[in-house]
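Enquirer: Take a look at the following structure, please.
Laboratory data are not the source of any read-out in this text; all were calculated from the coordinates shown. All figures in this text were calculated on a predicted structure; none of them were measured in a lab. A quick note on method: Cβ atoms are made from the backbone with ideal geometry, for glycine too, and the neighbour counts reach across all protein chains shown.
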Amino acid sequence: MSRLRFWGAGTLLVLAPLLVFALGPRAARRTVDASLRLSPAALRSVLLDHRRDVDRGFEEALAEGQGRPRGDLVDRLQGEVERAPRLSRDRVPFASVAHSFGRMAGLVWLLNDPFLENAEPALRDVEGDYARYVERKLPLLVLSFDGWKSPPLTGDLAGYFGQRALSARRYREALKTCYYPEGKRVSSETFDDRSNAFGVAQAALSHAASDIAKVWARVWGTMGGDLSAAPFGGPPAPDDPGPEGARP
């Protein structure tokens with residue numbers, strides 16, 4: 001796993017105030033920033049030129065996708081993955097394409113939420129507290145890039161994000177031990193930086209940043225975009241399945 005310290009820059013995303021996200025709005029912004037820095041240079045350049053459209057798409061996807069099941073989010077993501085190249089072929093203004101890339105990022109963010117499809121009332125009760133914890137610890141978190149081929153995002157999206165679901169279940173169990181160490185709930189104020197809660201935040205944000213970058217690069221490649229000048233060797237070409245990698 002390649003380690004890269006990602007620091008967000010710029011204005012925070014303006015998220016709808018009634019929405020609650022398990023990892024917090026500043027964490028969302030930093031994740032998108034990280035994904036841009038991982039992207040091929042040509043893609044990064046055009047998305048930065050249309051950053052407002054990317055952010056608008058991101059916010060829309062969060063608002064529309066919050067609380068929906070994993071399968072529905074994957075279907076919505078597949079729709080955006082197919083829609084962006086179609087927009088490009090139709091020669092619409094790139095602002096619309098950037099908006100679609102933003103929607104992809106928002107859906108991937110939701111798919112990496114450790115609380116997605118959480119059915120335990122005890123854990124639903126701590127989501128807001130955990131979001132505040134992640135926001136407090138954000139300057140200390142070091143995000144790691146999975147690597148373009150570990151595993152490659154070349155198969156179906158449902159299979160790829162199904163593996164992420166396995167991680168999410170482990171993360172919820174880890175958080176449960178943090179919040180209920182002796183069967184009674186405690187506050188995240190009691191956690192130290194060696195806690196499972198800290199590790200879950202780093203892993204979830206790292207996976208989200210990696211997955212957004214992989215989805216973007218895959219779509220950009222199918223659009224005939226230049227995949228060169230990306231960190232860590234760059235993504236595989238659309239027709240290159242790459243070797244089998246470790247599970248995410």
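Enquirer: With each label point set 7 Å from Cα along the Cα-Cβ vector, what nm distance links E117 and Q78?
Expert: 1.5 nm
Enquirer: Just from its helices, what would the mean residue ellipticity at 222 nm be for the chain, if runs of 4 or more DSSP H residues each count -39500 (n - 2.57) and the sum is divided by every residue, rounded to the nearest 500 deg cm²/dmol?
Expert: Result for the chain: -19000 deg cm²/dmol, rounded to the nearest 500.
Enquirer: What share of all Cα pairs of the range 113-206, in percent, falls into each consecutive 10 Å distance bin?
Expert: Histogramming the range 113-206 at 10 Å steps yields 14, 46, 29, 10, 1 percent.
Enquirer: What list of ³J(HN,Hα) couplings, whole Hz, do you get for the range 193-201 from phi and the Karplus terms 6.51, -1.76, 1.60, once you set θ to phi - 60° and write x for glycine and proline?
Expert: Rounded to whole hertz, the list is 7, 9, 6, 4, 4, 5, x, 5, 4.
Enquirer: Further question on the same structure: Of the residues V186, V142, V32, which exhibits the maximal mean-square fluctuation in a Gaussian network model of the chain defined by a 10 Å Cα contact cut-off?
Expert: Of V186, V142, V32, the Gaussian network model singles out V186 as fluctuating most.
Enquirer: Lysines near K149 by alpha-carbon distance under 16 Å, same-chain residues fewer than 8 away left out - which ones?
Expert: Straight-line reach from K149, under 16 Å: K214.
Enquirer: Ranking F232, F161 by Cβ neighbours within 10 Å, fewest first, what do you get?
Expert: Taking fewest neighbouring Cβ atoms as first place, the list is F232, F161.
Enquirer: Counting Lys +1, Arg +1, Asp -1, Glu -1, what net charge surrounds E64 among other residues with beta carbon under 11 Å of its beta carbon?
Expert: With Lys, Arg at +1 and Asp, Glu at -1, the net is 0.
Enquirer: Here is a follow-up. Semi-axes of the equivalent ellipsoid for the chain, please: Cα gyration tensor eigenvalues, times 5, square-rooted, ordered largest first, whole Å.
Expert: Working: eigenvalues 177, 69, 57 Å².
In descending order, the three semi-axes are 30, 19, 17 Å.
Enquirer: Give me the net charge for the shell around R185: Cβ to Cβ below 11 angstrom, other residues only, Lys and Arg +1, Asp and Glu -1.
Expert: With Lys, Arg at +1 and Asp, Glu at -1, the net is -1.
Enquirer: Still on this structure, please answer the following. Pull up the cross-link candidates among the lysines for K184, meaning alpha carbon to alpha carbon under 29 Å and not fewer than 8 places away within one chain.
Expert: K137, K176
Enquirer: I want to verify the translational diffusion coefficient of the range 37-132 in µm²/s; compute it with Stokes-Einstein, Rh as the Kirkwood radius over Cα pairs, at 37 °C and 0.692 mPa s.
Expert: Estimated via Stokes-Einstein, D reaches 227 µm²/s.
Enquirer: Before anything else, pin down the relative contact order of the chain: Cα pairs under 8 Å, at least 6 apart, normalised by residue count, whole percent.
Expert: After rounding, I find 31 percent.
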